[in-house]
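Here the structure comes first, spelled out in C-alpha cells, and everything after it is commentary.
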Amino acid sequence: MPSSPTLAADQPPTAAPDAGRGRRADLIVVIVAVVLAVWVTSGLWRDPHQRAITVNSSDQALFEWLLAFGGHAVTHGENPLFTHLLNVPDGVNLAVNTSITVYAVVFAPLTYLIGPPATFLVILTLNLAATALAWYWLLSRRLVGSRLAAGVGALFIAFSPGMVSHANAHLNWTAGWLVPLLVAAVFALRRPGRWWRGGLVLGVLVAVAFSIAAEGLFFTALAVAVFLGVWAVHPARRAQARAALPDFLRGLTVTALVAGVLLAYPLWLHFAGPQRFHGTGFDPVIHAEDIAAFGAYPSRSLAGAVGLDTSLAPNPTEENSFFGLPLLLLTVACFGLLWRRASPGRRATLTALGVTAVVFAVLSWGPLAKWNGRRTGQLLPFGVLDNLPVVNAALPSRLALVVAPVIGVLLAYTVDRLRATPPGRTAAWAWAVGFVVALLPLLPTPLLTSVRPPVPEFVTAGTWRQYVSPGGVLTPIPLTLDVTPDGQRWQAYALSHRQGEFRLPAGFFLGPGGPDGRGRIGPPPRTFDTLMDQAGRTGLVPIVTEGSIRLSRADLRHWGVEAVVLPDEVHGAKYDLDEDALRRTATALLGEPRRVDDVWLWTVPAS
C-alpha cells in the first residue's frame, strides 16, 4: 500500500472499551489479519521452493534475488546499492531500482537458513498482516473509539483490491504498514515541544521507507501534503494550523536533516550515480487507470471468482482501484452521514479526505482519459505533471492506491458513528446490508501459483565452479531478463548457499538505454541474445551466418562469459520457450555442447 492521507483525531473517541474487551478485540483483529494474509498467499505455502506466482514470476525472481544479494553484500562487505554481479561489465545501480535493502539486511539470517523463496513468502505474508495491524493501531488509538470500526477500516485497507493485486510478488507495494506509521509521525510534529523528537522519528521512518518502497514514500508525501493543505486552510482549522506551524516546520527541518544524512549516498546514486536514468520506459497512457475500473471488481476476489472480473487493468498486478460500484455508493453514503452530523472541525477533516481522494483518483487516470477500455482523447491533469522530475518515474495508475485508505477511514468513521449513535432498527439493517453488499464481493481469494522449474543440479551441487573462475561470468540461454528470470534464481541460490559468486551478462533490472534518455528493463540487446530470444520464442532456428557467429562470439568476449548453460527446462515468465530450438541455435553458433549433470554446457575460450 503506497500512500494515504490520514487525519489527526478531531474529537475524543466516542466510547472507550474496558481493557479486557479491548485486548480481546485486538487479539481478534490480529488473528483475522494473519489468517487472511496466509489465505491470500496459501498457494505458495504449499511449497515455496517449488511454486511461483503465476502472473508475476519474474518480479518474484527479482525480489528473491534482492534478498539473496542484500544478505550476501552485508556479510561480504560489498556495496548493497550497486552491483557488478548483473549487467557485466557495466553493473546495476540498485538505488534506482527497488532494492528493499532494509528487508534484505534484517532477514539475511532467515534467507541463509531457509533460502530466498521461503524468505520472500514470509515477508509477503507479514507485509499483508502488518499493514492491517498498523492501520488498526492508528485507527483504534488515534481516530475512532470503536475497535470494531477500527478493525473494519484496517482490514479493508490491508486487503483492498490494490493490495491483493500487488501481493502478486511486489514486496515493496505490499509494505503498507509503513504508511500509518509515517502518517502518525507527521501529525506528531504538531505537538508543542516535541518537534525535535518527532522529527528524528520521522526522519528514520523516511529512510526506512525509501529503502523499501521509494515510489510509495513519494505518494505518501504527496497525499499527506494535499490533505494537510486542504485541512489547514479550512476556516474551522485555520487558527489551529497557524499555531502549530512553527513546531511543525521545525520538526520537518529535523526530518530533512536526519533523512538526508541517512540517505545521502542512496540519493546520490539515485540522481547522479553510474547507471542512473531519468524516468522509465513505461507508457503512462497504458499504465493509467481506466475510469470504469473504479466501479469494476478485481480478479482475485469473491466477485472475480464467480466471473464478475474485467480486463481493465494493464496487467493483473495493477488492479489499483476496482472497488466495485456498491462500495463507491456506500462510500458516498458514509460521507453524507458523517457530514450531516459533523462538527465544523470534523467537516474540515472530511473535506480534506474527499479532496485527497478525488485528486488522486483523477491523477491515476493518466494523461488521457480511458473509459471501459477506450481512449476518449480527453487531456487530463497528469499530462501536465508527467515531465516533472520524479513524477516521470511513477506509474499514474498506482496513484489510485491512495483512495483505498481514504475509503477505509470513512468506513471506520461511519461504523464508529453508528455505534455511538445507533439509528433506528430499519436504518441499522439497511446499513448492515449495505456494508455486506459492498465488502463481501471484495473478499480476497488466493493468488494463482504454479510449479516452477527447479534450479538445476549443475547449480545446486556447485558443479558450476569447475567451469567458472571465482567471480567469473556464466550465462544461461536465453540470457537473464524479466521474461527469462532463471539466471537470477540460480545466482540467488549460489549466493544464499555460500557457493561463491558468478556474474551474469544481463539481468532483470531497470537501467539506462531507453528512448529519450529514459530507463529500460535490462540492457540494450546484442546479437547473441537477440538470436537466442528469437529461437526460444518462435521455436525456429534463425539463419546463422559467419557474420552472426563472429558477432555472437564478440558479444561473449565483451561480457567475459566462460560458460553458456542450457537446462532441460527453461522458464519463460510471459510465454513458453522451445529448449530444442535454443540448443540447436547455440550449437550453430558455438559448436557441440557437452552434457554436465542436468544441463548442456558450452565453454568459451578466453581469447
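Could you check the stretch 521-560 and list, in sequence order, the residues that are of a type in the set (A, V, I, L, M, F, W, C), touching a helix residue (DSSP H, G or I) at 6+ places or on another chain (Cβ under 8 Å) and within 28 Å of Val96 (Cβ to Cβ)?
Phe528, Met532, Leu556
Across the stretch 220-246, what is the number of residues that are in contact with a Pro (Cβ under 6 Å, 6 or more places away or on another chain) and over 24 Å from Val402 (Cα atoms)?
Residues meeting the conditions: 1.
Can you tell me how many residues in the stretch 430-471 are assigned to a loop (DSSP other than H, G, I, E, B) and of a type in the set (Lys, Arg)? Spell out the reasoning first.
At the first step, the residues of the stretch 430-471 found to be assigned to a loop (DSSP other than H, G, I, E, B) are 443, 445-448, 452-456, 461-462, 467-471.
Applying the additional criterion that residues be of a type in the set (Lys, Arg) yields 452.
Residues that pass the stated criteria total 1.
Going by the structure shown, is Asp47 under 27 Å from Leu148 (Cβ atoms), at pLDDT 80 or above and acidic (Asp, Glu)? Lay out the reasoning, then the answer.
Numbers: under 27 Å from Leu148 (Cβ atoms): no; at pLDDT 80 or above: yes; acidic (Asp, Glu): yes.
No: the conditions fail for Asp47.
Out of Val459, Val455, Val451, which single residue is among the hydrophobic types (A, V, I, L, M, F, W, C), under 30 Å from Gly304 (Cα atoms) and either touching a residue at least 24 places away in the same chain (Cβ under 8 Å) or surrounded by fewer than 17 Cβ atoms within 10 Å (Cβ to Cβ) (or both)?
Working: Val459 fails: under 30 Å from Gly304 (Cα atoms); Val455 fails: under 30 Å from Gly304 (Cα atoms).
One residue alone meets the criteria, Val451.
Count, please, the residues in the stretch 537-560 that happen to be without any contact (Cβ under 8 Å) to a residue 60 or more places away in the chain and either in a loop (DSSP other than H, G, I, E, B) or on the phi > 0 side of the Ramachandran plot (or both).
Number of matching residues: 7.
Condition first: open to solvent by 20 Å² or more (accessible area, probe 1.4 Å) and of a type in the set (A, V, I, L, M, F, W, C). Now tell me which residues in the stretch 46-80 satisfy that. Even if it seems obvious, please write down each step before you answer.
As a first pass, look at the stretch 46-80 and keep what is open to solvent by 20 Å² or more (accessible area, probe 1.4 Å): 46-51, 54-55, 59, 62, 74-80.
Within the stretch 46-80, Val55, Leu62, Val74 qualify.
With the structure loaded, tell me whether Thr131 is within 18 Å of the chain's Cα centre (by Cα) and buried (at least 20 other Cβ atoms within 10 Å of the Cβ) or whether it fails that test. It would help to see each step written out before you state the result.
Numbers: within 18 Å of the chain's Cα centre (by Cα): yes; buried (at least 20 other Cβ atoms within 10 Å of the Cβ): yes.
Considered against the rule, which asks whether it is within 18 Å of the chain's Cα centre (by Cα) and buried (at least 20 other Cβ atoms within 10 Å of the Cβ), Thr131 comes out as yes.
If I filter the stretch 276-290 down to residues being over 19 Å from Thr98 (Cα atoms) and open to solvent by less than 10 Å² (accessible area, probe 1.4 Å), which single residue comes out as modelled with the lowest pLDDT?
Ala288
Output the number of the condition that Leu388 fails; it satisfies all remaining conditions of (1) part of a loop (DSSP other than H, G, I, E, B); (2) in contact (Cβ under 8 Å) with a residue 40 or more places away in the chain; (3) open to solvent by 10 Å² or more (accessible area, probe 1.4 Å).
So Leu388 meets the others, but not (2).
Go through the stretch 325-384 and report how many residues are open to solvent by 20 Å² or more (accessible area, probe 1.4 Å), among the aromatic types (Phe, Trp, Tyr) and under 29 Å from the mean Cα position of the chain (by Cα).
The number of residues fulfilling the criteria is 2.
Applying the selection to the stretch 432-477, what residues are in contact with a helix residue (DSSP H, G or I) (Cβ under 6 Å, 6 or more places away or on another chain) and farther than 29 Å from Arg51 by Cα?
Listed by number, the residues that qualify are Gly434, Val437, Ala438.
State which residue is least open to solvent (accessible area, probe 1.4 Å) when the search covers only the stretch 466-505 and only residues that are within 23 Å of the chain's Cα centre (by Cα) and aliphatic (A, V, I, L, M).
Once the filter is applied, the top-ranked residue is Ala492.
Filter the stretch 291-309 down to residues that are in contact with a Phe, Trp or Tyr (Cβ under 7 Å, 6 or more places away or on another chain) and not small (Gly, Ala, Ser) and give me whichever is surrounded by the fewest Cβ atoms within 10 Å (Cβ to Cβ).
Checking each candidate, the answer is Leu308.
Checking the structure you have, find out if any residue of the stretch 68-87 is touching a Leu at 6+ places or on another chain (Cβ under 9 Å) and part of a strand (DSSP E or B).
Yes, some residue in the stretch 68-87 is touching a Leu at 6+ places or on another chain (Cβ under 9 Å) and part of a strand (DSSP E or B).
Would you mind stating whether Asp416 is among the charged types (D, E, K, R), in contact (Cβ under 8 Å) with a residue 60 or more places away in the chain, surrounded by fewer than 23 Cβ atoms within 10 Å (Cβ to Cβ) and within 30 Å of Phe322 (Cβ to Cβ)?
No; evaluated as a whole, the condition is false for this residue.
Residues of the stretch 162-195 being more than 13 Å from the chain's Cα centre (by Cα), of a type outside the set (A, V, I, L, M) and part of a helix (DSSP H, G or I), which ones?
Pro180, Phe187, Trp195
Looking at (1) open to solvent by 50 Å² or more (accessible area, probe 1.4 Å); (2) touching an Asp or Glu at 6+ places or on another chain (Cβ under 7 Å), find the lone condition where Trp600 falls short.
Just one mismatch for Trp600, condition (2).
Considering the stretch 116-153 alone, what residues qualify as being assigned to a helix (DSSP H, G or I), more than 26 Å from His72 (Cα to Cα) and not aliphatic (A, V, I, L, M)?
Within the stretch 116-153, Thr131, Trp135, Tyr136, Trp137, Ser140, Arg141, Arg142, Arg147, Gly151, Gly153 meet the criteria.
Count, please, the residues in the stretch 218-274 that happen to be in contact (Cβ under 8 Å) with a residue 12 or more places away in the chain, open to solvent by 70 Å² or more (accessible area, probe 1.4 Å) and of a type in the set (D, E, K, R).
1
The values are calculated or read from the model by the stated rules, or taken from the named source; none is laboratory data. Computed from a predicted structure; not experimentally measured. When we count neighbours, we look across all protein chains shown, and the Cβ atoms used for this are built from the backbone with ideal geometry, even at glycine. Note: accessible area is taken over every heavy atom of the protein model, side chains too, but ligands, DNA and RNA are not part of it. Shrake-Rupley method; radii C 1.70, N 1.55, O 1.52, S 1.80 Å.
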